[in-house]
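What follows is a set of notes on a single structure, which appears directly below.
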Amino acid sequence: MTKTKKKTRPPRSMPRADCSKIIGNHPSESHPFGMLLSASDGATDTGVPHRTLAERDGQRESLIKHAREMLTRHHVSPEALERDRQRREAMRRLGFDDELSRMKRFPTNPSTRKGNLAEVVLAEYITAASDVSLPIYRLRYNPNVDQSMKGDDVLAFDLDANPVRIIVGESKFRNVSSKAAVTEIVEGLVRSHKGGIPASLQFVADRLFETGNPHLGEKVLQCAKLFVLGKLRLDYVGLLMSDLRTATRVNRHTVNPLRRLAMISFGIDAPDSIIDPCYQGLEDSP
């Protein structure tokens, strides 16, 4: 007698949930992400909420323009960028063109460029889709712009929620999507979960105190106390930014180790081709 093969179901301990409960709703078309990207929600084969993002037809140029604006905002303040522009002009007038390459706010290393782009997209997307905010732009504090920055890729906060909520984000950019990339994202989020209080919490608070925002710095520090009291909600979001098979990879290879985990796949045609246009000439931007 032939046995009927049973269908695979999500584990009972990991209930099937929709993306909006963790990520929020996809932005409306009044926001650049809503205008430039389409979104569809579902779940991976293991029941993890999964949002699939894709470029809308004919929007590549506008998408790159928006990416450039986001990259600039995350890497350098408008005031510092203007100071750099004035200094560059002065050095050119004095004939010190060879020294200009030493003045870098943006990475030139291809791997760092890709990683930073994915991180910025994740940070900007979740703040656009939900009620969380970024207290600081952490890439502005990278001491070596050509090396990947240590710590959580994204820490976004809803400090007025009850309970207070933090989204911990992990992002990857790959020219070719793979099981390994999906696994790396989930493993990074699991390490953060096992560590308890997010590793970058103190870093965020310190930067707030240094920049004259002690009230917000105190509220961020209070998250550690709330965690100990069991009154802090931690959500985990992973983003894989890669080729047009990215959604399939995420669906097939995402394990389900965390109760409040959601995945985002962002599939792009020829993803490697967008990197240079996104960073081209940013150093000289006004």
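Rule-based calculations on the coordinates, nothing more; no lab input. Since this is a predicted model, take the numbers as computed values, not measurements. Quick reminder, even Gly has a Cβ in these numbers, built from the backbone with ideal geometry, and neighbours come from all protein chains shown.
For the Cα trace of the range 128-286, dividing Rg by the Kirkwood Rh returns an Rg/Rh value of 0.99. Average projection, convex hull of the Cα set of the range 112-170: 4.0 square nanometres. Counting Cα-Cα pairs of the chain in 10 Å increments starting at 0 gives whole-percent bin shares of 6, 27, 34, 22, 8, 3, 1, 0, 0.
Sorting the segments 43-55, 142-154 by their mean number of nearby beta carbons within 10 angstrom, highest to lowest, gives 43-55, 142-154. Straight Cα distances below 15 angstrom link Lys219 to the aspartates and glutamates Asp158, Asp160, Asp206, Glu210, with same-chain residues fewer than 8 positions distant left out. Of all aspartates and glutamates in the structure, the ones whose alpha carbon falls short of 18 Å from that of Lys194, not counting any fewer than 8 places away in one chain, are Asp152, Asp153, Glu170, Glu184, Asp235. Only Cα pairs under 8 Å and 6+ residues apart enter the sum, and on that basis the relative contact order of the range 195-286 stands at 22 percent. Principal-axis analysis of the Cα atoms of the chain puts helix 78-93 at an angle of about 40° to the longest axis.
Counting only Cβ charges, +1 for Lys and Arg and -1 for Asp and Glu, the dipole size of the chain around its Cα centre is about 1480 debye.
Our helix-only sum for the chain, with -39,500 (n - 2.57) per DSSP H run of n ≥ 4 divided by its residues, gives a mean residue ellipticity at 222 nm of -12500 deg cm²/dmol. Extension gain for Asp160 to Lys65 (0.36 nm times residue separation, less C-alpha to C-alpha distance): 30.9 nm.
With the convex hull drawn over the C-alpha atoms of the range 68-202, the volume per residue is 132 Å³. Which residues in the range 240-273 place their backbone N less than 16 Å from a point set 7 Å from the Cα of Thr183 along the Cα-to-Cβ direction? Under cut-off, by backbone N: 249-257.
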